[in-house]
């Protein structure tokens, strides 16, 4: 399918009326590494704030601190998780910043699909696509056999607590904010700017959309979405992110959360965003390997959680890690919950 045809298809898909729906706390499992004190702290706090059922708290044990796992190490951990996952679990929340990579995959994609080299690639090659991309799927594990995964990544408990609190605070608030779409001077990293006119056309009646030709955003107090392409982002300390905000930068190593010469996606969360994304291994600048802004905005505005919306926006997620507070859902009406725990 040519680029123009793909835009038309996306336009039609996002223009159709959708039924608001979102994963809830009974369908999310929280994975804790018992050998990592920060992971335990984050898991306990998140479970309490989100009222995660005790049956959904999954405990694993492995040496913490490494940025990557090899395949055999990961598969041992994944086996522990699979044995503790109940049938109703549709998604996972990890509670550590490291490890963030499994050999040639991101750890969030490895948990979602299992380790699969089809999601890996030599630089510039394309990978297996996700069947979850821009889909109407309500129950990803039940319908597709996958469990989208997001890491509640933070370098300290204070950072994790602030992130979790923002996500919880955002629920059902229907915030008024702006989507900032920056076209930067870094041509190779600016490939998503081709989507910006589509975003304006689709959402300008529901959202304030601003397209800007500049390298940095400064002194804004209404940041709900911020998409850009640059190795390092300046001015984050001058911004105020609306609770529930999504922000990311297209660059090679944003998902190398604790190392590397480019800005870590963690900086977005520390600045006040509620979710972000970055690649853990050189992807080149294929747009399919990064969030499509129109897709994530569309699903989010229709009431899906940030884990659903973000995951549905990446066509080839094998090399990218999703980080943030998974259940944030600013555009979902607050609804009374009915708990059910099938065995």
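The values are calculated or read from the model by the stated rules, or taken from the named source; none is laboratory data. From a predicted model like this one, the values you see are computed outputs, not experimental measurements. Cβ: placed from backbone, ideal geometry, glycine included. Neighbour counts: every protein chain shown.
Values computed for the structure shown
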read-out	value
Filter result (surrounded by fewer than 20 Cβ atoms within 10 Å (Cβ to Cβ) and part of a loop (DSSP other than H, G, I, E, B)) within segment 231-241	231, 232, 234, 235, 240
Candidate set from segment 50-63 (those that are surrounded by 16 or more Cβ atoms within 10 Å (Cβ to Cβ) and either assigned to a helix (DSSP H, G or I) or free of Cβ contacts under 8 Å to residues at least 12 places away in the same chain (or both)); member that is farthest from the chain's Cα centre (by Cα)	56
Qualifying residue in segment 171-179 (condition: in a helix (DSSP H, G or I), under 30 Å from residue 258 (Cβ atoms), touching a helix residue (DSSP H, G or I) at 6+ places or on another chain (Cβ under 8 Å) and modelled with pLDDT of 95 or more)	no
The one condition in (1) closer than 21 Å to residue 331 by Cβ; (2) touching a strand residue (DSSP E or B) at 6+ places or on another chain (Cβ under 7 Å) that residue 135 fails to fulfil	(2)
Matching option when the condition is within 15 Å of the chain's Cα centre (by Cα), in a helix (DSSP H, G or I) and under 22 Å from residue 108 (Cβ atoms), among 254, 167, 244	167
Residue match in segment 138-145 (condition: buried (at least 24 other Cβ atoms within 10 Å of the Cβ) and either more than 16 Å from the chain's Cα centre (by Cα) or free of Cβ contacts under 8 Å to residues at least 40 places away in the same chain (or both))	no
Filter result for residue 89 (surrounded by fewer than 22 Cβ atoms within 10 Å (Cβ to Cβ) and touching a helix residue (DSSP H, G or I) at 6+ places or on another chain (Cβ under 9 Å))	yes
Meets criteria (surrounded by fewer than 16 Cβ atoms within 10 Å (Cβ to Cβ) and at pLDDT 95 or above) for residue 44	yes
Residue that is surrounded by the most Cβ atoms within 10 Å (Cβ to Cβ), among those in segment 301-318 that are touching a strand residue (DSSP E or B) at 6+ places or on another chain (Cβ under 7 Å) and not in a loop (DSSP other than H, G, I, E, B)	311
Subset of segment 319-343 [in contact with a strand residue (DSSP E or B) (Cβ under 6 Å, 6 or more places away or on another chain), assigned to a loop (DSSP other than H, G, I, E, B) and either modelled with pLDDT under 95 or within 26 Å of residue 67 (Cα to Cα) (or both)]	326
Candidate set from segment 187-206 (those that are touching a helix residue (DSSP H, G or I) at 6+ places or on another chain (Cβ under 7 Å) and surrounded by 14 or more Cβ atoms within 10 Å (Cβ to Cβ)); member that is nearest to residue 285 (Cα to Cα)	191
Among (1) surrounded by fewer than 17 Cβ atoms within 10 Å (Cβ to Cβ); (2) assigned to a loop (DSSP other than H, G, I, E, B) - the single one residue 154 does not satisfy	(1)
Residue in segment 277-291 that is nearest to residue 171 (Cα to Cα), counting only those that are more than 12 Å from the chain's Cα centre (by Cα) and either part of a loop (DSSP other than H, G, I, E, B) or at pLDDT below 95 (or both)	280
Selection from segment 19-41 of residues that are assigned to a loop (DSSP other than H, G, I, E, B) and modelled with pLDDT of 95 or more	23, 24, 34, 35, 36
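This table checks each residue for (1) assigned to a helix (DSSP H, G or I); (2) at pLDDT below 95.
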position: 17; (1), (2): no, yes
position: 65; (1), (2): no, yes
position: 73; (1), (2): yes, no
position: 77; (1), (2): yes, no
position: 89; (1), (2): no, no
position: 97; (1), (2): no, no
position: 109; (1), (2): yes, no
